[in-house]
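One structure below.
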Amino acid sequence: MSEASPLPSHLVSHISQTLNLPSSGVRAVINLLDDGATVPFLARYRKEATGNLDEVQIRNISEHAASLRDLLHRKSTVLASIAEQGKLTDELKLRIEAILDRNELEDLYLPYKPKRRTKATIAREKGLEPLAAYIYAQTAGPLDLAALAHSLLDPAMEVTTPEEALEGARHIVAEWISEDASVRREARALLFEEGLIVSRKTMDAKDDQEKFKMYYEYREPVKSIPSHRMLAIRRGESEGVLYWLIELDETRVLDRIRPRIMRHAGDWTPHLNLAIEDCWKRLLNSSIQAEIRLELKRRSDLAAIETFQQNLEHLLLAAPAGPISVLGIDPGLRTGCKLAVVDQTGKFLADDVIYPHTGRATEANHKLAAILAQHQVRAIAIGNGTASRETDAFVRDFLQTNNLTHIFRVTVSEAGASVYSASDLARQEFPNLDLTVRGAISIARRLQDPLSELVKVDPKSIGVGQYQHDVDQRQLQQSLEATIESCVNRVGVDLNTASWTLLRYVAGISQRIALNIVSFRDQNGLFRSRAQLHQVSGVGPKTFEQAAGFLRVRDGDHPLDNTAVHPESYALVEQIAHSLAQPLPELIRNPQLLANLDHTAFSAGSFTLQDILSELKKPSRDPRDRFVAPAFSDSVREFTDLQPGMVLEGVVTNVAKFGAFVDLGVHQDGLVHISEIASHYIKEPAEVLKVGQIVKVKVLSADAKTKRIALSIKALQAPVGANRASRPGKANKAPASAPASISEKLALLSTKWRTGQIDSPGN
């Protein structure tokens with residue numbers, strides 16, 4: 001059970017209002033998570049308690065609750081620090097306790113925060129604080145400003161003139177202004193609303209390919225700069241090509257600060273004005289800029305991570321070819337093609353090497369025929385790396401010549417396969433095999449079930465991210481782990497065939513328990529029921545509760561063990577079968593019998609009952625799409641075969657904010673820029689495209705020098721209304737600045753490629 005302290009009611013209400021969710025559901029989710037429940041379990045099996053909140057909503061609640069708990073912890077630290085200084089008043093304590101924003105908390109704490117030695121500190125040491133207080137209070141005292149300054153002269157403290165005294169006092173006032181929470185809030189808001197990101201080329205920049213040329217002299221508003229451009233600027237900075245800052249009209253911010261500080265005119269006014277200007281230039285500007293830079297990083301990181309999550313989800317949920325025997329081929333030219341056969345469960349059976357591209361085609365034909373016949377192979381999966389198209393052509397001709405129409409061939413993405421084959425995990429799985437054979441096995445298994453195989457690979461190696469090495473790595477890892485967990489539990493896991501790498505993502509199962517399950521299976525044979533999990537070391541009542549519904553036992557002792565019905569609901573299903581006067585196995589075989597069911601006869605919650613009935617109507621259904629193999633053009637095998645105007649079929653390999661990359665089978669992905677995706681307005685490519693999707697594209701250009709392929713989907717679509725679809729609130733006509741021709745549009749795309757606005761997949 002979690003030791004997290006209960007979240008106060010006002011914070012639960014805050015989460016409810018922020019996410020626009022019922023407070024009862026929010027409270028239930030937080031309590032259940034604190035009690036050790038997992039997100040997939042809550043989304044699937046506790047709908048009555050949560051009010052049918054989905055997985056995304058539950059994860060959002062979890063993240064907000066964790067953030068607010070961090071804030072509570074920080075508040076405790078702040079309150080203790082101020083109290084230790086003897087400066088904690090009742091009013092200040094109430095203000096701190098009411099804060100719900102981390103920046104506001106830090107603003108309030110700033111005046112009490114231990115400081116390094118500053119100009120203001122030195123001025124205080126010289127005894128000039130009374131003079132600063134006079135200026136800041138803006139109230140006439142027994143002495144006027146000049147007299148007070150003169151009274152504080154002290155040659156021993158190096159204060160020999162009134163001007164030196166006044167300068168030191170202004171340093172103190174400037175620090176007070178910079179620590180004023182309302183001033184900081186105003187400056188922060190203004191910098192966000194009116195600030196401009198300005199990037200420039202560094203003096204000693206080395207950018208031979210001019211990847212960042214677009215940003216050599218670039219300006220864009222802080223509030224609207226998209227994540228991929230912010231990430232590109234940051235990468236340019238990290239590579240020493242660019243430097244950037246946030247520009248803001250100084251008069252605008254000074255005009256906002258003055259009314260908050262200046263209340264009455266007097267002999268202090270000129271000095272207060274100078275202190276305000278000094279505060280902005282020397283203290284506040286750099287401090288707030290640092291905060292904004294961090295917020296821009298956080299914002300762009302979040303957008304990039306969300307894109308990565310979407311792509312990874314679609315890749316993991318790609319349609320499986322299913323339990324069939326597969327021959328995996330890791331293609332090569334001089335080094336040959338590595339073959340590996342797996343049976344319908346993914347078990348490795350045999351391997352070999354053929355050299356069809358180096359004058360040994362006859363030998364390759366004999367070896368291929370033998371291995372296909374011996375293991376009754378149903379499909380051939382060919383990696384899409386070097387020599388992929390040549391190998392695909394060889395296999396196609398072989399199958400046609402030998403009339404093997406019952407065997408189909410597919411080109412499979414091998415992204416990350418080399419990383420897996422050289423990993424400790426692969427060595428544990430196949431200690432006696434060469435890493436090239438391990439790669440061929442991975443390629444074969446990816447065709448059978450992409451999810452089961454890809455969970456073995458670090459998702460950052462799969463190549464579906466955007467600027468993935470530039471974002472917060474801890475946050476990225478957590479988000480990708482959550483995505484994998486979501487996909488695994490949505491599909492379900494076969495308890496008798498799953499590897500421990502797949503089992504560890506099942507709700508409630510840790511890596512240690514996953515290893516224990518596999519060990520138990522090896523020692524005792526296949527599981528006959530979910531109930532046997534209780535015999536596995538480490539599986540207690542809570543683990544069983546969380547995991548059981550997501551694990552499947554085919555042909556086991558209990559027919560419901562191969563469904564998504566949770567064991568806690570077995571008794572309810574028995575009641576349903578009894579009410580229909582049917583044995584349970586018959587009800588599962590003939591779900592049409594449920595048409596006569598009286599739903600009101602059962603005490604179960606409506607969400608639970610509906611889920612059970614849906615599962616009984618389609619037991620063990622796979623939520624993934626039906627497998628369809630892409631058909632690459634036989635006439636296009638190399639980059640040089642591409643010609644403008646060609647219409648080809650390809651597979652989407654990566655979706656970014658600026659467009660989508662498509663594999664055409666020529667070893668180089670082409671780009672469909674967002675402007676070429678749809679004939680109507682779309683905000684981002686993910687609205688219509690996803691990783692793994694098969695699409696038809698038109699080749700706009702293929703630059704052999706830069707290896708850039710420009711593609712269009714829009715060119716193949718029927719026009720919507722006029723030639724150019726209208727945007728919301730805009731006249732239905734092309735903007736004056738739009739490229740007037742295809743050639744101009746291609747030139748624009750080429751410029752974006754060269755300047756780094758468009759990045760390559762996986763970078």
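Please list, by residue number, every one of the trypsin sites (Lys or Arg not before Pro) in segment 617-695 that is coil in DSSP and has at most 15 other beta-carbon atoms within 10 Å. Here the sparse-neighbourhood loop sites are 621, 626, 683. Using just its DSSP H runs of length 4 or more, each adding -39500 (n - 2.57), the chain gives a mean residue ellipticity at 222 nm of -14000 deg cm²/dmol after division by all residues.
Taking +1 at the Cβ of each Lys and Arg and -1 at the Cβ of each Asp and Glu, which of 428, 320, 128 sits farthest along the dipole of the chain towards its positive end, judged by Cα position relative to the Cα centre? Farthest towards the positive pole: 320. If the Kirkwood radius is taken over C-alpha pairs of segment 565-619, then at 25 °C and 0.890 mPa s the Stokes-Einstein diffusion coefficient equals 221 µm²/s. Close amide H pairs (under 5 Å, H built 1.01 Å from N) link residue 319 with 625, residues at least 5 positions away or on another chain.
Each residue of segment 209-226 is assigned a 3J(HN,Hα), and the resulting list reads 8, 6, 5, 10, 4, 4, 9, 5, 9, 10, 9, 7, x, 4, 6, 10, 5, x Hz, derived from the Karplus form 6.51 cos²θ - 1.76 cosθ + 1.60 (θ = phi - 60°), x at Gly and Pro. Under a 5 Å amide H cut-off, with hydrogens placed 1.01 Å from N, residue 563 pairs with 553 among residues at least 5 apart or on other chains. Comparing 81, 58, 9 along the charge dipole axis of segment 9-112, the residue lying farthest to the positive side is 58, per the Cβ-charge model. In segment 310-434, the DSSP beta bridges split such that about 55 percent are antiparallel, to the nearest 5.
For segment 163-179, 3J(HN,Hα) computed residue by residue from phi via the Karplus equation (6.51, -1.76, 1.60; θ = phi - 60°) reads 5, 5, 5, 5, 5, x, 4, 5, 4, 5, 4, 4, 5, 4, 5, 5, 9 Hz, glycine and proline entered as x.
When you count the other C-beta atoms within 10 angstrom of each residue and take the mean per peptide, 415-426, 133-144 line up highest first as 415-426, 133-144. Label reach from residue 95 (point 7 Å along Cα→C-beta): in segment 115-142, amide nitrogens under 17 Å belong to 137. In this Cβ point-charge picture (+1 for Lys and Arg, -1 for Asp and Glu), the chain has a dipole of about 1400 debye about its Cα centre.
Computed from point charges on the beta carbon alone (+1 for Lys and Arg, -1 for Asp and Glu), the dipole magnitude for segment 9-112 about its Cα centre is near 220 Debye. The simple Förster model, with R0 at 45 Å and r as the Cβ-Cβ distance, assigns residue 366 and residue 526 a FRET efficiency of 0.75. With each label modelled as a point 7 angstrom along the Cα→C-beta vector, the residue 474-residue 347 pair spans 4.5 nm. Using 0.36 nm per residue and subtracting the Cα-Cα separation, the extra length available between residue 427 and residue 103 on full extension is 111.8 nm. Under the convention that each Lys and Arg Cβ holds +1 and each Asp and Glu Cβ holds -1, the size of the dipole of segment 119-308 around its Cα centre is about 780 debye.
Pairs with C-alpha atoms separated by more than 25 Å, drawn from the list 213/707; 657/714; 119/201; 338/456, are 119/201.
Here the relative contact order of the chain, from alpha carbon pairs under 8 Å that lie six or more residues apart, stands at 10 percent. Residues within the reach of a label modelled at residue 295 (point 7 angstrom out along Cα to beta-carbon, backbone nitrogen below 15 Å), restricted to segment 196-210, are 196-197. Each DSSP beta bridge with both residues in the chain is either parallel or antiparallel, and the antiparallel ones are about 75%.
Sparsely packed loop sites in segment 594-701 (the GluC sites (Glu not before Pro) outside DSSP H, G, I, E and B with at most 16 other Cβ atoms within 10 Å) comprise 638.
All distinct Cα pairs of segment 119-308 go into the 1/r average, and the inverse of that average, the Kirkwood radius, is 19.0 Å. The order of the peptides 21-28, 42-49, 544-551 by mean Cβ neighbours within 10 Å, most packed first, is 544-551, 42-49, 21-28. How much FRET efficiency would the formula 1/(1 + (r/R0)^6) give for residue 620 and residue 511, where r is the Cβ-Cβ distance and R0 is 30 Å, rounded to 0.05? For residue 620 and residue 511, the calculated efficiency is 0.70. Full extension of the chain between residue 375 and residue 568 gives 65.3 nm of extra length, using 0.36 nm per residue less the Cα-Cα distance. The H on the amide N of residue 411, modeled in the peptide plane, is under 5 Å from the matching H of 382, each at least 5 residues off or on a different chain. Across segment 349-362, in residue order, what do the Karplus-derived ³J(HN,Hα) couplings come to in whole Hz, using 6.51 cos²θ - 1.76 cosθ + 1.60 with θ = phi - 60° and x for Gly and Pro? The phi angles translate into 10, 7, 9, 6, 10, 10, 10, x, 10, 10, x, 10, 5, 4 Hz.
Compactness of segment 79-154, taken as the C-alpha radius of gyration over 2.2 N^0.38 Å, stands at 1.43. Separation of segment 184-217 from segment 601-672 is 38 Å, based on Cα centroids.
Between residue 306 and residue 79, the simple spin-label model (points 7 angstrom out along Cα→Cβ) gives 3.4 nm. Helix 9-19: angle to the longest alpha-carbon principal axis of the chain, degrees 0 to 90, nearest 10? For helix 9-19, the angle is close to 70 degrees. Past the 29 Å Cα-Cα mark, which pairs from 93/126; 47/542; 47/223; 347/367; 211/698; 75/297? Beyond 29 Å between Cα atoms: 93/126; 47/223. Against the chain, whose longest principal axis is taken from its Cα atoms, helix 23-34 shows a tilt of about 70°. Quick one: helix 181-194 against the long Cα principal axis of the chain, what's the angle to the nearest 10°, folded into 0 to 90? That helix lies at roughly 60 degrees to the long axis. Across the alpha-carbon set of the chain, the Rg to Rh ratio works out to 1.06, Rh being the Kirkwood radius.
Laboratory data are not the source of any read-out in this text; all were calculated from the coordinates shown. Given the structure is predicted, the values throughout are model-derived calculations rather than measurements. FYI the Cβ positions are ideal-geometry reconstructions off the backbone, even for glycines, and counts take in every protein chain you see.
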